[in-house]
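Read through the structure below, which is laid out as structure tokens, and then see the notes.
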Amino acid sequence: MAQEIKVPDIGDFDEVEVIEVLVAAGDEVEEEQALITLESDKATLEVPSSAAGKITEMKVKEGDKVSEGDVIALLEAADSGSDDEGEDDKADAKADAKADDAEKEEKAANQKQAEDAEEREKKQSKGGEKKKSSSKGKEKDAKSGEKSQKESQSKSAPKKDHGYDCDVLVLGSGPGGYTAAFRAADMGLNVTLVERHSVLGGVCLNIGCIPSKALLHSAKVIEDAADMANHGVSFGKPKIELPKLMEFKQSVIDKLTGGLKSMASKRKVNVVTGTGTFKDEHTLSIEGDSHGDGETSEISFNNCIIAVGSEPVILPDWPEDDRIWDSEAALSPDEIPKSLLVIGGGIIGLELANVYAAHGTDVDIVEMTDTLIPGADRDLVKPLQKRMSSRCGNIWTGTKVTGIKAGKKSLKASFEGKDAPESKEYDRVLAAIGRKPNGKKIGAENVGVKVDERGFITIDKQCRTSVDNIFAIGDVSGEPQLAHRATHQGKVAAECCAGEKAAFDAKVIPSVVYTDPEVAWTGVTETQAKKDGIEYEKGAFPWAASGRALGMGTSEGNTKILFDKETGRAIGAGAVGPGAGELIAELGLAIEMGCDAHDIGLTIHPHPTLSETVGMAAEAAAGTLTDLYIPKKK
Ligand code: FAD
């Protein structure tokens, strides 16, 4: 018997236009194959077939208006041709059940899509974009994973007749800047990239993310080797050759920055070395180069993307002394100090404390607030804090450094706090107390760009500043100051410069502390949910029940996922344990795609892996977990 294929729930829309009919009577179709495309004033969506089979009749044509429940086609299901009546019934029941499931799934996805489309529309109109999706632009539904940054490929041709030296000038070559420059060049724009240093890559590649991870790797191997004694395998005391370690770190940096140089050249990006400041809203003055020799030149631009990043905060009343380090100095030490005070228990401070403690330094950590990594949930930080306590001398939270005196042999730090001594002497002191944006150092405010009192440049969803043709991305444009935020913004800004309809609308930005154990979280934290009165269900899986974790000699990890109580969708997640930073990516995707506990739990994770803890945390929330005994709630 022919099945009727109907328009699913498409949100708050009625009388939606059929803009494309993708199949005709007589066509064989697969289950989920798109049959028609609808377009509302908010979005386009495809209506798929609920089963495989043969289309016997199309009930709609292009230009027709349809609403939820209207029949669009008749289909003879692939397995409905049998003579056996009993089999027929079974097949029908199966097809109906599938159709029901598909309809339910579709309903949820379409509802979400409609909500997302509406939200995007609001955001876009805030950002000044008015252009509507092109009628042929097919926006996939929320579950299909196509993010809405590019709602339509309007591809308005770059303006070549503007009379400026370049279409886009990118100021700063960190992860935000080089990404923006390369994306803009790939879209056919004429790009100039201005960087004050002779090497591209910014903080992240040269003195941040990459070198710190290279050193954290050796710290992890040293500690893992020591831990192996518990498994019955003992190694000797590690011999650390600092010049070789630094050489390795530099070789990693060189590979990556060399790659950037070559990619810039292949893309014909004009790289200029010098320090830029704004002369007017279409001209940048560029002074000298990093070696101080040089003249001032000017480059005019149609659009500019500011990506000048941030720099470490150093308190002004501290003495000027080479033994007081910022993170850059700590990543290129002249020697491994005997003792080190790390001021700041945030991500950078803890990563570097981990590096030095593993390489043999006596490390103390002092943190002004009551806890390490204040942005993360306490249950995630606890295993790290326990491990840091065993590898460091002291961790003083709720404690302030009131001064540092530079003596001949040591630096004397004085403290004010509950457990710390009045003062203590160290070979080196590392200040990891935050990074300040460079927004006030480029004369941007003189050309009308709004810069707040801290130095952050104010931007909208398109990364556009208060001056229409000037964009800002990365650390200079707000928090979180993370490389992956900068790169995503870089693409958005470049696409806007090319006339594309783009917006930065990420639901979540993950944070990772690359210590051992790693701590990672994304979306709403439990602390935040409680503070904001967000009702949630939590699914958690302790790594003590993970065969893989136990085999690795680690049992203190934990993976948890928060689901919105009303919608059932994942809204936040966190993990602690080795490799937690790798696990958080899947959870970010789950949140972006609006997954519920079943979506994640029914996704088969390979066994035995740490990634199983993600699936099992979801199963715990769904009530289907068998790897732990969780008594039923009464
Ligand atoms: P930056 O990388 O800061 O680059 C800005 C560039 O602009 C620089 O090259 C600078 O020389 C140039 N510039 C500035 N002013 C001018 C001017 N007037 N003219 C010309 N050029 C100029 N983030 C993560 O996501 N993961 C991590 O693991 C991580 N680890 C980190 C570890 C450390 C030790 C540090 C310090 C940071 C770490 N970060 C990490 C943060 C990350 O480095 C930054 O978020 C990221 O580099 C920001 O990128 P950006 O493009 O905004 O700017």
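The values are calculated or read from the model by the stated rules, or taken from the named source; none is laboratory data. Being a predicted model, the structure only gives us computed values, none of them experimental. We place every Cβ from the backbone using ideal geometry, glycine too, and count neighbours over all the protein chains shown. Each accessible area value is taken on the protein alone, full model and side chains, heavy atoms only, with ligands, DNA and RNA left out. Shrake-Rupley method; radii C 1.70, N 1.55, O 1.52, S 1.80 Å.
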Quick check on I473: is it open to solvent by less than 50 Å² (accessible area, probe 1.4 Å), under 27 Å from the mean Cα position of the chain (by Cα), among the β-branched types (V, I, T) and within 14 Å of the ligand (Cβ to nearest atom)? yes
Are there any pairs, at least 6 apart or on different chains, whose C-beta atoms fall under 9 Å, with the first in the stretch 271-283 and within 19 Å of D468 (Cβ to Cβ) and small (G, A, S) and the second within 9 Å of the ligand (Cβ to nearest atom) and open to solvent by 60 Å² or more (accessible area, probe 1.4 Å), and if so, which? none
I'd like the residue in the stretch 503-550 that is polar (S, T, N, Q) and over 18 Å from C595 (Cβ atoms) and, out of all such residues, is farthest from the ligand (Cβ to nearest atom). S546
Residue under question is S555, and the condition is that it be of a type in the set (G, A, S) and either more than 30 Å from I306 (Cα to Cα) or under 23 Å from the mean Cα position of the chain (by Cα) (or both); does it hold? yes
Checking G499 against (1) out of contact with any Lys or Arg (no Cβ under 8 Å at 6 or more places or on another chain); (2) on the phi > 0 side of the Ramachandran plot; (3) not aliphatic (A, V, I, L, M): exactly one of these is not met. Which one? (1)
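One line per residue, one yes/no per condition, for (1) in the same structural domain as S173 (by the TED database); (2) within 11 Å of the ligand (Cβ to nearest atom); (3) buried (at least 24 other Cβ atoms within 10 Å of the Cβ); (4) within 22 Å of G455 (Cβ to Cβ):
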residue	(1), (2), (3), (4)
I299	yes, no, no, no
N302	yes, no, no, no
E335	no, no, no, no
V355	no, yes, yes, no
In the stretch 184-201, how many residues are out of contact with any strand residue (DSSP E or B) (no Cβ under 7 Å at 6 or more places or on another chain) and open to solvent by 20 Å² or more (accessible area, probe 1.4 Å)? 5
Which of the residues belonging to the stretch 230-252 are over 37 Å from the mean Cα position of the chain (by Cα) and among the small types (G, A, S)? G232, S234, G236
Among the residues in the stretch 211-225, are any near the ligand (Cβ under 9 Å from one of its atoms) and out of contact with any Phe, Trp or Tyr (no Cβ under 8 Å at 6 or more places or on another chain)? yes
Scanning the stretch 168-201 for residues that are over 11 Å from V269 (Cα atoms) and assigned to a strand (DSSP E or B), which turns out farthest from the chain's Cα centre (by Cα)? E195
If T283 passes every condition in (1) β-branched (V, I, T); (2) closer than 13 Å to L193 by Cα; (3) open to solvent by less than 30 Å² (accessible area, probe 1.4 Å) but one, which one does it miss? (2)
